[in-house]
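My questions will all concern the structure given below.
The values are calculated or read from the model by the stated rules, or taken from the named source; none is laboratory data. Source: prediction; values computed, not measured. Glycine also receives a Cβ, built like all others from the backbone with ideal geometry; neighbour counts cover every protein chain displayed.
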Amino acid sequence: MEKKENSKNKQKNKISVFTIGIIAIILIAMLVIIIISFNSMKKNKVEKAGDYAIINEDGNKENSSPKMEEEKSFENVKFTDIKIEYKDEATYITANVTNTSNEKISEKMINIKLLNDKQEEVENVKAYIPDLEVGETKEFTTAITLDVVDIFDIQIENVSEI
């Protein structure tokens, strides 16, 4: 009789341990799902800093205008991957510049007009395009000590057109 009771107690203990294990696994899985969901919501939360600017993860302002995704051209120079960011108390304009001509392009001064969504000039920046061999691409960077990251578009022109 005692053997049967011991056997039943052992089975009950096994079932209890098994049940507790399953409950623990379910709770851990739920906790992992909650943490992943919270982190996902946190990453997707974008703080706006104007009509065409957001605050990025570093706390800097970044231009979000769809016009910056468009390729821009000036004479035989193509501007791609245009990014405008305000950090360290300056607005930085960076892009890849490519020589699309059949001749070397010597360093050249340009004017970049920063435009609002009504195509009105907000500010302009003078900058130099570096020497470019035929087909060569280089990174281009210029800066202005104003917070003008919240712009809609840019227009690139020759300095003599000013």
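Anything in the range 65-79 that is in contact (Cβ under 8 Å) with a residue 24 or more places away in the chain and either over 15 Å from Thr141 (Cα atoms) or in a strand (DSSP E or B) (or both)? List them, or say none. It would help to see each step written out before you state the result.
Of all residues in the range 65-79, those in contact (Cβ under 8 Å) with a residue 24 or more places away in the chain come to 65, 67-68, 72-77, 79.
Residues satisfying the conditions are Ser65, Lys67, Lys72, Ser73, Phe74, Glu75, Asn76, Val77, Phe79.
I would also like to ask the following. I'd like the full set of residues that are aliphatic (A, V, I, L, M) and either more than 16 Å from Glu157 (Cβ to Cβ) or under 16 Å from the mean Cα position of the chain (by Cα) (or both), limited to the range 65-93.
First pass over the range 65-93, keeping only residues aliphatic (A, V, I, L, M): 68, 77, 82, 84, 90, 93.
Listed by number, the residues that qualify are Met68, Ile82, Ile84, Ala90, Ile93.
Assuming Lys108 fulfils every condition listed in (1) in contact with a Leu (Cβ under 6 Å, 6 or more places away or on another chain); (2) more than 23 Å from Glu47 (Cβ to Cβ); (3) at pLDDT below 95 apart from one, which condition is it?
Going through (1) in contact with a Leu (Cβ under 6 Å, 6 or more places away or on another chain); (2) more than 23 Å from Glu47 (Cβ to Cβ); (3) at pLDDT below 95 one by one, Lys108 breaks only (1).
In the range 94-121, what residues are within 15 Å of Glu157 (Cα to Cα) and assigned to a strand (DSSP E or B)?
Matches in the range 94-121: Val97, Lys108, Met109, Ile110, Asn111, Ile112, Lys113, Leu114, Leu115, Glu121.
Also, I was wondering about something else. Taking Ile82 as the residue in question, decide whether it is surrounded by 16 or more Cβ atoms within 10 Å (Cβ to Cβ), touching a helix residue (DSSP H, G or I) at 6+ places or on another chain (Cβ under 9 Å) and at pLDDT 95 or above.
Working: surrounded by 16 or more Cβ atoms within 10 Å (Cβ to Cβ): yes; touching a helix residue (DSSP H, G or I) at 6+ places or on another chain (Cβ under 9 Å): yes; at pLDDT 95 or above: yes.
When the stated conditions are applied, Ile82 passes them.
Scanning the range 108-130 for residues that are among the charged types (D, E, K, R) and touching a strand residue (DSSP E or B) at 6+ places or on another chain (Cβ under 7 Å), which turns out farthest from Asn63 (Cα to Cα)?
First pass over the range 108-130, keeping only residues among the charged types (D, E, K, R): 108, 113, 117-118, 120-121, 123, 126.
Filter again for touching a strand residue (DSSP E or B) at 6+ places or on another chain (Cβ under 7 Å), leaving 108, 113, 121, 123, 126.
Values: Lys108: 26, Lys113: 15, Glu121: 16, Glu123: 15, Lys126: 19 Å.
It comes out as Lys108.
What about Val134, is it β-branched (Val, Ile, Thr) and either under 21 Å from Ile55 (Cβ atoms) or touching a Ser or Thr at 6+ places or on another chain (Cβ under 8 Å) (or both)?
Values: β-branched (Val, Ile, Thr): yes; either under 21 Å from Ile55 (Cβ atoms) or touching a Ser or Thr at 6+ places or on another chain (Cβ under 8 Å) (or both): yes.
Against the criterion (β-branched (Val, Ile, Thr) and either under 21 Å from Ile55 (Cβ atoms) or touching a Ser or Thr at 6+ places or on another chain (Cβ under 8 Å) (or both)), Val134 qualifies.
When you look at Val148, is it within 23 Å of the chain's Cα centre (by Cα) and over 19 Å from Glu75 (Cα atoms), yes or no?
When the stated conditions are applied, Val148 passes them.
Further question on the same structure: Within the range 49-64, track down each residue that is crowded, with 16+ Cβ neighbours inside 10 Å, over 12 Å from the mean Cα position of the chain (by Cα) and assigned to a loop (DSSP other than H, G, I, E, B).
Tyr52
Restricting the range 1-29 to residues that are of a type in the set (D, E, K, R) and within 58 Å of the chain's Cα centre (by Cα), which is modelled with the highest pLDDT? Break it down stepwise before answering.
Initial filter on the range 1-29 (of a type in the set (D, E, K, R)): 2-5, 8, 10, 12, 14.
From what's left, within 58 Å of the chain's Cα centre (by Cα): 12, 14.
On the way: Lys12: 62, Lys14: 67.
Applying the filter and picking the extreme gives Lys14.
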